Structure formats: C-alpha cells, structure tokens
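Notes to accompany the following structure.
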Amino acid sequence: MIKTKVWIGIIALVAAVCAALTVFIFAGRRKGRTVEIVSDGKVVMTVDLDRVTEETTYDIPAPGGGHNLVTVAPGKICVSEADCPDKTCVRMGWLSDGNAPIVCLPHKLVIRPAGGSQGADAEAR
Amino acid sequence: MKKLIPAVLLLALVLTSCSSLRAEKTADFFAMDTYMSVKYYGGPDGESEKLETAAAELEKKLSVTKEDSEIARLNRDGRAKLSGETEKLLTGALDLCRETEGALDVTVYPAVRAWGFTTGEHRVPDKDEIDGIVGKIGYGNVTVGGGEAALPDGYMVDLGAVAKGYLGDKLAEILKEDGVTSALLDLGGNIRAVGEKPDGSPWRIAVRDPAGDGVIGTLPLRDETAATSGGYERYFVDEDGEIRWHIIDPATGYPAKAGLISVTVIGKDGLRCDGLSTALFVMGREKSVSFWRERRDFEMILVTDDGKILISPGLSGMFEPEKGSSYSVEVIGND
C-alpha cells in the first residue's frame, strides 16, 4: 500500500512538472515579441514590445539623407512619419503580431521580428 | 525521492533539447524594389549569398528603371535581344495575359507611370491623357521569339506582376539542388514554401487584412506559392477623396475597381500565382469565380469590398479565419 502511494506521488509530481514546463515554454514563446530596427543592413535598435510602457518616437536617419520617425507603443511599433517619396512604410501601419516586416525601400529601413516567428511563419500581402 | 530526481531531469532534458536540432539560417536582402527574407534549414556555406546574387541577376535583366536591363532596352528601342531566361519569362507572362483575356497585361506600364506610381509623385491624369495611353496598351502587339522581342512605338513592357513569383520558384530550385528540404521565402509578401517545417508540419501563412492592420486568417503551405494582390500598400487619395491604387485595369487605364480589395492565389507555379492574383483583382468577383470554375488548378481567397471572404473549396477546412474577424467566409460552390 505504501509503495502504491509513493508511485501515485511520483506520477502526480511528474505531471505537475510537465504542466509547469508546458506553461513556461508557451508563455516564453508568446513573450518573444521583440523587433529589430535595421537601417542599411545594420541593426540599430532592438525593442521588446511587451516591455514598452509608454509611447516613444525615435528619429532614424537614412544612409542617403532623409529620415523616418519610428513610434514604439506598448505591444506595437510603426513608422509614424517619413520624408521618403512613397510613404509606403507609414501606410503599413502598426506591426504587432510579428508576421510581416515594415519596410521603407527608399531609406533602406526594415523593422522586423527578431528571433523565432510567432503565430504565422510569414504573411502574404 | 531519490528515484524522482533523475526522472525529472530526464523529462526536462527531453523537453528542452528537441528545438535546437537544426539551426535556422536566414538571407535578407533588397531586390526588385522590395525586401526579401528567406529562412532555410541546412544547405552549404554561402547559400545566402547565392540567393541574393540570383535575385540581383534577375533584376538586372528585368528592371524597367535600370537603363541597361533587357526590358529597359526593349522599352527604349522598341526592339531588343533577350537572354533565354527573359524570353522564357516574357513568353510565360504573355501566355497568362492571353489566358486572362488581358486582365493581366504586361504592357500596362505607361498607365501605371502616368498615375505616378513608379515615382511616388501621384497624380490623376485627365481623360484625354488616359485615352491616349490606353491606345498604347495591348499585350497582343508584343512579339517575342528567336531570342528577341519587339514592341510598337510608345509601348512599354513591365514584368513586375510575375517576376517575384518566378523568382520564388527559381530560388526554391537553387535551395533544393543544394540539399535544402525546408525553407520559406518571403519575397516582398509573395510567399514560396520549400517542403515543410523541420518538425514536419506545414508552413503557416497569414494573409494580410486589406482593410486594417492585422490579418484575415492563416493557411497551411507546402511546396507552393501564395501570392497576394491588393490596393492597400501602394495607393493615394485624390482631391475628391477617392482612393486610387496601383493596380490599373488595362482596359480603362484607371485603377481597377471591380468589388475586390485583395486576392490571394495559391498554387504550384509561382509565375502563374503571381500574375493571376493581379488578373483576378482586375476581373472582380464574378469573373474570377467563373475563371476558377473553368480550371480548378489553383486555390484562391477573394476579399470583397462588402466584407466577405470567398475561398475555393480546396481551402475549406484549411483556411482558418482570424478570431474575432468581422469578415464572413463563404466557400465557392461547384455549380
């Protein structure tokens, strides 16, 4: 009888550890919403969107002149202003779910998810 | 208790070790006026450079804006010698123009230029100007063969509507020849999958919401292309408040407004998927559905301007609409 109780205890413990690990792994995945701001091929800034507490705007100069204003807010990031001719980067809106990068071609600026992908692996657009 | 410790350690080891079996490699570069991002597993050293070089070489042949490209010379001189690859691509594109009865037209470029989409200096051309331009649009007047191509005076060719799709297949071939069995290529939103994910599950592709910041849903992709056309990235609002996007109806010279705001085509042939996404956008809902019914050799997702998502039957159960989305999803019937 005692042996049985010990075994039940062990199984319960292993199950608890499994559950804890699962929660830990999945929570860790969801937390990985980190993005990189890349200018002319170089990472100029890395931002963990989940740790942003207030809206902040950064001025990112372009290699050939001009600039983009990048706004970071809790859980999301966007190009809020740019002096490039097409303004496609501004129109791309907020990047929050980490599927597609925000790109400003004329200024060689890319804002992309860092590390592993969350949710989908890529975005058709 | 002594028995428990090794058991827990073993469990922890099993749970943490699987994810790091094969390292992900990436290649990120600018080509063809867009940002390209490739992730792949395995393959020899220097593979990323090889992909970037292949993209740059294709751009050098096809670019409408690089003065010494084959297409730029064809547009400038009305006649040009073509490499085997450009000839193959132009021939394939013209076949698709014929198949779509001109909904895709590789000679629509003068109209795209007149609206300012090539420079970003947007404008609304007046009716006389448009009429003049429409007279210089017509894929049927392009002749190609024997290593050269010719155009009537004032015509211009642009292969932009099919080039990324073609490039996806080309880069996928390079990867496969080098032993890569798992890769995902994002060529400016044109997605090409090689095999499946290293864990054996299909790649999951989200489709951009044409009317908002998020996505409309996701679908699995294996060894195929998903190409999307929409009016939401390159557009401007004119003086009357009307949205003018870059997809021009070759028949009218005006931005195509046929009730669709986004079209995604999924299939084996990248060039065809890419070109069809534009063609169906121009055709609109009814024509797209009958076009699909006559062929059934591709899958499609149409987003209408009245909030519906129409999917072909092959995507039923595959396409997962985004939770909380306001779109209603309908499967196209077989009748």
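The values are calculated or read from the model by the stated rules, or taken from the named source; none is laboratory data. The shown structure was predicted, so the numbers you read here are calculated from the model rather than taken from an experiment. In this analysis, Cβ positions are derived from the backbone assuming ideal geometry, glycine residues included, and neighbour counts consider all displayed protein chains.
To keep it simple, each residue is scored yes or no on (1) in contact with a strand residue (DSSP E or B) (Cβ under 7 Å, 6 or more places away or on another chain); (2) free of Cβ contacts under 8 Å to residues at least 12 places away in the same chain.
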position	(1), (2)
B:126	no, yes
B:133	no, no
B:143	yes, yes
B:154	no, no
B:180	yes, no
B:193	yes, no
B:215	yes, no
For this session: Could you run through segment A:87-105 and say how many residues are within 13 Å of residue B:234 (Cβ to Cβ) and surrounded by fewer than 23 Cβ atoms within 10 Å (Cβ to Cβ)?
Result: 6
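Yes/no per residue for (1) in the same structural domain as residue A:101 (by TED's automatic domain parsing); (2) loosely packed, with under 11 Cβ neighbours inside 10 Å; (3) at pLDDT 85 or above:
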| residue | (1), (2), (3) |
| --- | --- |
| A:3 | no, yes, no |
| A:9 | no, no, no |
| A:12 | no, yes, no |
| A:18 | no, no, no |
| A:26 | no, yes, no |
| A:49 | yes, no, yes |
| A:55 | yes, no, yes |
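Residues checked against (1) in a helix (DSSP H, G or I); (2) within 14 Å of chain A (Cβ to nearest Cβ); (3) of a type outside the set (A, V, I, L, M, F, W, C):
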position	(1), (2), (3)
B:152	no, no, yes
B:157	no, no, no
B:165	yes, yes, yes
B:173	yes, no, yes
Problem set entry | Selected residue [more than 11 Å from every other protein chain (Cβ to nearest Cβ), touching a Ser or Thr at 6+ places or on another chain (Cβ under 8 Å) and crowded, with 22+ Cβ neighbours inside 10 Å] from B:205, B:247 | B:247
Problem set entry | Residues of segment B:290-305 that turn out to be surrounded by fewer than 18 Cβ atoms within 10 Å (Cβ to Cβ) and either over 12 Å from residue B:258 (Cβ atoms) or under 19 Å from the mean Cα position of the chain (by Cα) (or both), as a count | 6
Problem set entry | Subset tally (residues that are under 21 Å from residue B:294 (Cα atoms) and surrounded by 19 or more Cβ atoms within 10 Å (Cβ to Cβ)) for segment B:75-101 | 5
Problem set entry | Meets criteria (more than 13 Å from the chain's Cα centre (by Cα) and assigned to a strand (DSSP E or B)) for residue B:205 | yes
For this session: Within segment A:63-102, work out how many residues are among the hydrophobic types (A, V, I, L, M, F, W, C) and more than 12 Å from chain B (Cβ to nearest Cβ).
Result: 5
Exercise. If you go through segment B:78-100 one residue at a time, do you hit one that is touching an Asp or Glu at 6+ places or on another chain (Cβ under 7 Å) and on the phi > 0 side of the Ramachandran plot?
Worked result: yes
For this session: Please go through segment A:68-86 and pick out each residue that is surrounded by fewer than 17 Cβ atoms within 10 Å (Cβ to Cβ) and touching a residue at least 40 places away in the same chain (Cβ under 8 Å).
Result: A:75
Seminar exercise, completed: Conditions (1) within 30 Å of residue B:42 (Cβ to Cβ); (2) under 22 Å from the mean Cα position of the chain (by Cα); (3) among the aliphatic types (A, V, I, L, M); (4) in a loop (DSSP other than H, G, I, E, B) -> residue B:180 fails only (2)
For this session: Working carefully through the options B:37, B:48, find the one that is in contact with a Ser or Thr (Cβ under 9 Å, 6 or more places away or on another chain), part of a helix (DSSP H, G or I), modelled with pLDDT under 95 and not aliphatic (A, V, I, L, M).
Result: B:48
Exercise. Looking at (1) free of Cβ contacts under 8 Å to residues at least 60 places away in the same chain; (2) closer than 24 Å to residue B:204 by Cβ; (3) surrounded by 24 or more Cβ atoms within 10 Å (Cβ to Cβ), which is the only condition residue B:280 fails?
Worked result: (1)
Exercise. Taking helices (runs of 4 or more DSSP H) that fall entirely within segment B:63-127, which contain at least 3 residues that are away from chain A (no Cβ under 14 Å), under 22 Å from residue B:279 (Cβ atoms) and under 18 Å from the mean Cα position of the chain (by Cα)?
Worked result: B:84-99
Problem set entry | Whichever residue in segment B:208-240 is modelled with pLDDT of 95 or more and outside any strand (DSSP E or B) and, among such residues, is surrounded by the fewest Cβ atoms within 10 Å (Cβ to Cβ) | B:222
Exercise. Somewhere in segment B:105-116, is a residue surrounded by fewer than 18 Cβ atoms within 10 Å (Cβ to Cβ), within 24 Å of residue B:251 (Cα to Cα) and out of contact with any His (no Cβ under 6 Å at 6 or more places or on another chain)?
Worked result: yes
